[in-house]
1. If the chain between S109 and K184 were fully stretched, how many nm would it gain, using 0.36 nm times the residue separation less the Cα-Cα distance?
2. Using amide H atoms built in the peptide plane, which far-off residues or other-chain residues are under 5 Å from G43 H to H?
Amino acid sequence: MKKTNITIIIILTILAVFYLSYDTAFEYLYGYPKDFNFALKYGVKGLNKVDTFKDTITKDTVEGLKTIKLKLTHEDMKKIYNEMKNMDILNMPTKFEKRREMYPVGLYSLRINFNGKERQIEWTSNDFMPIDISFDEVVIENEETGVSMIEFVPNNKKEKDEEYIKLEKLSKLKIVIQNIIEDKRKVKQLPESNLYL
């Protein structure tokens, strides 16, 4: 009886070590955790979607929504994971404050999963600072003629707060993901994107 219990404990220990080693080996080999996945919705109405949980891409096209199967490469996943890790994505707010009113509105949603943790982040194009441009008066003197002219030079004096900086990081991440996706042959073969005015 004791031999059986010891054998079971040894087998369970070996399986646990193998499982943990597999996850560690995967991350070492590919540069991102084995359980890393994300789903990003973006664009007007949030109709475009990259979903690595299902390995699908949905594009809002002039012919309607088109969904295709597309598995990102390990290199793509590593690049996106590193971008998320560098911006401390798991500590981002889940929602942002509306700061302006513009139409059409870009809707964004990002669901991420890695290292056993999950995070859902949502934001809109109206969460960014309003475009607040003031003008500085600059006097320009022509040395040859002696004539002075006054020119008005745009000067955005609004300071970026911490929340706005986080939104900029999310926007940059969206662009990184979008560029990776749009570079894929299968995505290039889809109809043109729908444009909203």
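All of the numbers you see were taken from the coordinates with simple rules; none came from a lab. This one's a predicted model, so the numbers in the text were calculated from it and none came from an experiment.
1. Extra length available between S109 and K184 comes to 24.8 nm.
2. The answer is L107.
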